[in-house]
Amino acid sequence: MQKIIQELKEANKELIFQCGEKEKCAAELVIANEELVFQNGEKEKRAAELVMANTKLRKSEAELKEYITGLKEMMFVTSHKVRKPVANILGICSQLEGDPISPAELSEWMKQMKQSAVILDVFTKELTSLITDLGHKADTA
């Protein structure tokens with residue numbers, strides 16, 4: 001019987017030791033779980049920041065595309081609409097430098113030159129408006 005009591009005491013000591021080890025492991029798991037909860041919260045914050053940054057990036061990309069479209073429109077106006085009346089005026093000036101012309105021809109060329117200058121004035125105002133609008137859009141972005 002003494003032997004059984006001794007074995008039970010030994011078994012009891014082993015159980016107490018194992019219980020202590022399990023409590024240590026449980027405490028370590030609690031700490032590890034708290035760290036994981038903290039890290040998860042940090043990851044969620046970073047994910048939210050990335051979503052905001054991505055939204056800003058998309059908005060900036062859209063604004064940049066709009067700005068580039070405005071620049072292309074200005075280039076078109078400059079290269080086509082403005083260039084034509086300038087070429088007409090230069091052509092008339094070239095003609096006027098040549099042989100003498102009648103007063104009627106001179107009057108007609110002056111009308112054409114004035115018409116080209118008016119067209120040029122309209123396109124210059126249009127271009128100025130495009131530039132102003134583009135500048136306002138860039139300022140509000």
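Overview of values
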item	result
Exposure ranking of 133, 99 by accessible area [1.4 Å probe, largest first]	99, 133
Gained length - residue 43 relative to residue 68, 0.36 nm times residue gap less alpha-carbon distance	5.4 nm
Heavy atoms of residue 66: accessible area, 1.4 Å probe, square angstrom to 10	90
Protein-only accessible surface order, largest first, of 75, 110 at 1.4 Å	75, 110
Nearest 10 degrees, 0 to 90: helix 103-140 Cα axis against the chain principal axis	10
Solvent exposure, largest accessible area first (probe 1.4 Å, DNA, RNA and ligands not counted), of 130, 36	36, 130
Under 19 Å from the Cα of residue 45 - aspartates and glutamates, other chains or at least 8 residues apart	34, 35
Nearest-10 value in Å² for the accessible area of residue 78, using the 1.4 Å probe	70
Cα long-axis angle, helix 83-96 against the chain (0 to 90 degrees, to the nearest 10)	20
Accessible area expressed per residue, region 47-116, with surrounding protein chains retained (probe 1.4 Å, Å²)	80
Accessible surface of region 1-55, 1.4 Å probe, proportion on carbon and sulfur as whole %	65
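The values are calculated or read from the model by the stated rules, or taken from the named source; none is laboratory data. Note that the structure is predicted; figures quoted are calculated from it, not measured. These accessible areas exclude ligands, DNA and RNA; they are computed on the full protein's heavy atoms, side chains included. Shrake-Rupley method; radii C 1.70, N 1.55, O 1.52, S 1.80 Å.
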